[in-house]
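The values are calculated or read from the model by the stated rules, or taken from the named source; none is laboratory data. Keep in mind the model is a prediction, meaning the values are calculated, not measured. Don't worry about glycine lacking a Cβ; one is built from the backbone with ideal geometry, like all the others, and counts go over all protein chains shown.
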Amino acid sequence: MTKCPHCDATTDPVAEPRCQGCRALLPLPAGASPFDVLGLPTSYALTAEALDAAFRRRSMAVHPDRLARASDKERRIAVERTAALTEAHRTLRDVEARALALLRLAGVTPDHRADPTLLADLMETRERAEQGDDVRRALVEQVGSARAGLLTDLERRFGELEREQALRDAARVAPLGALVTRVRYLTRLWEDLQGQREHAVHVQ
Amino acid sequence: MERAVGIDLGTTYSLVATAGKGAARVLRDANGDGRFPSAAFFGRNGKDALGWDALHRAEHEDGDLLLSIKRFMGRGAHAARQDPGLRSFRLAAGDDRMVRFHVEGDRTVTPIELSARYLAALKARAEQDLGGPVTGAVITVPAYFDDAQRQATKDAGKLAGLNVLRLLAEPTAAAVAYGLDRPEHDNGRYVVFDLGGGTFDVSVLAFERGVFQVLATSGDTALGGDDFDLVLARMLLRDAGWDDPAGLPRVLLNQARAAAKAAKERFSTEERVEIVFAPEGGRPVRRTMTRQEFHVLVDPVLRRCRAPCEAAMRDAGLTGADLGGVILVGGSTRMPVVRAFVREFFGREPLLDANPDEVVAVGAALQADLLSGGDRDMLLLDVTPLSLGVETMGGVVDKIIPRNTSIPARARTTFTTYADGQTGMDFHVVQGEREKVEDCKSLARFKLSGIPPMAAGIGRVEVTYALDADGLLTVTARETTTGRTASVEVKPSYGLTDAEVEQMLVDSMDFAEQDMESRLLIEGRVEAQRIIDATRKALREDGAMLSAAERRSVEDVTAQLEVAKNARDRHEITRLIDALDHATAEFARRRMGASIQSALKDHSIREFT
Ligand SMILES: [Zn+2]
């Protein structure tokens, strides 16, 4: 709850971007999470459609193009909120960035270094990909499904924490850090393997 | 009264539309045609022409006909030398930053100046129609235009004396014009397939309750109807005995292009077309071509549409089955061969109920009205078509804002110093999708200095990329470690400085006597309309202050001015404005007297005088 900078009414700028008293646009509170910015519940399980719909709905309320006749002060707030909105939408649209945002909310900083076994695995896969197109195509499949499996795992575990209202419990969220790091390494590998295929098509 | 307009600055044709209180409408010329050819002719006899006039004169007179110059907006001389078109223009010694054409009268013009002249002509059309100065304009650009091309368009707007409210992507404008009119399409995902005269865009959008969100966009800024004309024109020239069009007289090239264009347009409605091309000094050509033969001839051009369509659908994460429809925009989508491609690629019949020539201008007008405070339940959420990045070690690009990010957007990244005691850091800002810097377009280079000396890896510099609602970039760098900040802000450097725009304004005044004459005429008309309106208002309100004879004399002069306003003699307009001033002088004096007694009347008198 904060005071409206336009009329001093008590407001909740996360739940309702406009002041109930004077209808003017309210600034985001300091430390608003990407979920707050979009007006969505803190959750890992968000579909692309739900995120896009929230993005459109919020944009209609906060975008400066809708406030051509508003005061300079209100328009400045609109510009700030819209920039934050775009950033939040982009963050949550990406499953990895969304997972990192949840870790950050719980105060968990994941270790970005891969453990030695994972590193050895990645290097071996990259070497095998050099053997030829057929091998590489098979590896794209293999890495892709390994990654999908990890994402399902991540969704299940975040879901459990959410049901138990433990998403902000650092001790319980911390073990997910390693899982997120693993997903990120696999994604990078997967993209690189596909990138080579795209390149080969261009050369033909 | 708001007089904001939307302008579709097209490769072949340009249009202007307005959306006041009611529905949007395209503003038309005396023949009822909304299209203004984006063409300029510089004749031997020293007179210049724009629009339809330019096209007509070029077929009979020797001179420089400049067409499709949108292809060169924001491009260096290099791009023009590589242009595949029939080179009927003469390149002047330009620089890397800007193409320059040599024209009759020993002058040079740039694409920006030419675009500014088309924009000024459309502005004049709007001012005449709306009876007052245009207060702001939304100008459309191909969605796939890069930063340089957008900046060039904005500069042209400034040069034309327009207050540019926004640069808007053409397919987005089209989607708004189409979707707002058809609530049955609400809550779906649509593709806009926009093949214009010289540019191709494909955008995927979601519409929901007035919000038009672009999900992904792709395109080719050097692909359009012109390329179809070229293939056909080259064939005609070959048939006439010229295998290589280089060095042929310009009149001949213009004739071949005109014949090709006419034939192409006839294939939209006819199965067989007889093409006649009888150039001076060549073999006369008369051949019948079937639509099928034409399709085979232009297939290589059409195939270039495929990769952008695939990219946009992939980036949006959709397949043809997820779509509510495909909207066709741009005159080139009238070609059956193009429609067949759309049907085959997206697996559905395209929607044919939009006017492909006019939807872009109408959408721009709606956005112009919204941005000038009009009460419209709509919002456009556009994206950047190309990724923006920074060069890192080894010439590799680190993407900071990926393509298809909603704009306005802001993104930050942090760099650390790599040498002990390093006090400066060089940055290279690039745009494009490729990994290597040399394959992307360079936007700007800058150096951040004043970093306090520290051990390698300790100094931190935060770089922020901010894309505004026009899709134009600003980059800022800040040293953050010590709390002292050194910062620098760059705008990509190929745009015009304000001083250059001013110089161009001065130059264009020198060489546009004809422009001046038509501007004075328009100003005269606008002034005439203002006085006529004010007089009629005064007569309505205070007509009782005049005798019947006095009233008749005021009405007579008003009627004469009305007639003169619609003719072309500006001296006559000026004379009648003076006459009406004279005829109403006594009336104004009496109204003034009355107003002293009644302060309430103050308002209308101030309007009258
Ligand atoms: Zn308030």
Top-ranked residue in region B:386-398 [being within 14 Å of chain A (Cβ to nearest Cβ) and modelled with pLDDT of 90 or more; ranked as surrounded by the fewest Cβ atoms within 10 Å (Cβ to Cβ)]: B:Ser387
Residues of region B:447-471 that turn out to be closer than 19 Å to B:Lys399 by Cα, buried (at least 19 other Cβ atoms within 10 Å of the Cβ) and not aromatic (Phe, Trp, Tyr), as a count: 4
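Keeping to region B:13-23, report how many residues are buried (at least 23 other Cβ atoms within 10 Å of the Cβ) and either outside any strand (DSSP E or B) or not assigned by TED's automatic domain parsing to the domain that holds B:His102 (or both). Reasoning before the result, please.
Our first condition is that a residue be buried (at least 23 other Cβ atoms within 10 Å of the Cβ); within region B:13-23, this holds for B:14-19.
Now drop any that are not either outside any strand (DSSP E or B) or not assigned by TED's automatic domain parsing to the domain that holds B:His102 (or both), which leaves B:19.
Residues in region B:13-23 being buried (at least 23 other Cβ atoms within 10 Å of the Cβ) and either outside any strand (DSSP E or B) or not assigned by TED's automatic domain parsing to the domain that holds B:His102 (or both): 1 in total.
Tally time: how many residues in region B:292-317 are out of contact with any helix residue (DSSP H, G or I) (no Cβ under 9 Å at 6 or more places or on another chain) and assigned by TED's automatic domain parsing to the domain that holds B:Tyr13? Even if it seems obvious, please write down each step before you answer.
Our first condition is that a residue be out of contact with any helix residue (DSSP H, G or I) (no Cβ under 9 Å at 6 or more places or on another chain); within region B:292-317, this holds for B:292-293, B:296, B:307-308, B:311-312, B:314-315.
Still in the list and also assigned by TED's automatic domain parsing to the domain that holds B:Tyr13: B:307-308, B:311-312, B:314-315.
Residues meeting the conditions: 6.
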Conditions (1) part of a loop (DSSP other than H, G, I, E, B); (2) at pLDDT below 90: number failed by B:Gly179: (1)
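One line per residue, one yes/no per condition, for (1) assigned to a loop (DSSP other than H, G, I, E, B); (2) within 16 Å of the ligand (Cβ to nearest atom); (3) β-branched (Val, Ile, Thr):
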{"position": "A:Gly21", "(1), (2), (3)": "yes, yes, no"}
{"position": "A:Gly31", "(1), (2), (3)": "yes, no, no"}
{"position": "A:Tyr44", "(1), (2), (3)": "yes, no, no"}
{"position": "A:Ser59", "(1), (2), (3)": "no, no, no"}
{"position": "A:Asp65", "(1), (2), (3)": "no, no, no"}
{"position": "A:Arg69", "(1), (2), (3)": "yes, no, no"}
{"position": "A:Arg81", "(1), (2), (3)": "no, yes, no"}
{"position": "A:Thr86", "(1), (2), (3)": "no, no, yes"}
Members of region B:411-437 that are crowded, with 18+ Cβ neighbours inside 10 Å and within 14 Å of another protein chain (Cβ to nearest Cβ): B:Ala411
Residue among A:Val95, A:Val62, A:Val79, A:Val140 that is within 14 Å of another protein chain (Cβ to nearest Cβ), surrounded by 13 or more Cβ atoms within 10 Å (Cβ to Cβ) and farther than 25 Å from A:Leu26 by Cβ: A:Val95
Filter pass, A:Asp12 being surrounded by 18 or more Cβ atoms within 10 Å (Cβ to Cβ), of a type in the set (Asp, Glu) and not assigned by TED's automatic domain parsing to the domain that holds A:Val183: no
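Only residues that are out of contact with any Phe, Trp or Tyr (no Cβ under 6 Å at 6 or more places or on another chain) and either surrounded by 21 or more Cβ atoms within 10 Å (Cβ to Cβ) or not aliphatic (A, V, I, L, M) (or both): list them for region B:345-358, please. Give the derivation first.
First, the residues of region B:345-358 that are out of contact with any Phe, Trp or Tyr (no Cβ under 6 Å at 6 or more places or on another chain): B:345-353, B:355-358.
Selection gives B:Phe345, B:Phe346, B:Gly347, B:Arg348, B:Glu349, B:Pro350, B:Asp353, B:Asn355, B:Pro356, B:Asp357, B:Glu358.
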Criterion violated by A:Ala48 - all others in (1) more than 12 Å from the ligand (Cβ to nearest atom); (2) surrounded by 15 or more Cβ atoms within 10 Å (Cβ to Cβ); (3) within 24 Å of B:Pro408 (Cα to Cα) satisfied: (2)
Subset of region B:554-569 [in contact (Cβ under 8 Å) with a residue 24 or more places away in the chain and surrounded by 15 or more Cβ atoms within 10 Å (Cβ to Cβ)]: B:Val554, B:Val557, B:Thr558, B:Leu561, B:Ala564, B:Lys565
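Suppose the filter is within 14 Å of chain B (Cβ to nearest Cβ), surrounded by 20 or more Cβ atoms within 10 Å (Cβ to Cβ) and either within 16 Å of the ligand (Cβ to nearest atom) or closer than 28 Å to A:Ala106 by Cα (or both); does A:Ala54 pass it?
Working: within 14 Å of chain B (Cβ to nearest Cβ): yes; surrounded by 20 or more Cβ atoms within 10 Å (Cβ to Cβ): yes; either within 16 Å of the ligand (Cβ to nearest atom) or closer than 28 Å to A:Ala106 by Cα (or both): yes.
Here the answer is yes, as A:Ala54 does meet what is asked.
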Residue in region B:349-370 that is under 30 Å from B:Asp439 (Cβ atoms) and away from chain A (no Cβ under 13 Å) present: no
Subset of region A:1-19 that is more than 7 Å from the ligand (Cβ to nearest atom) and in contact (Cβ under 8 Å) with a residue 24 or more places away in the chain - its residue that is nearest to A:Thr91 (Cα to Cα): A:Val14
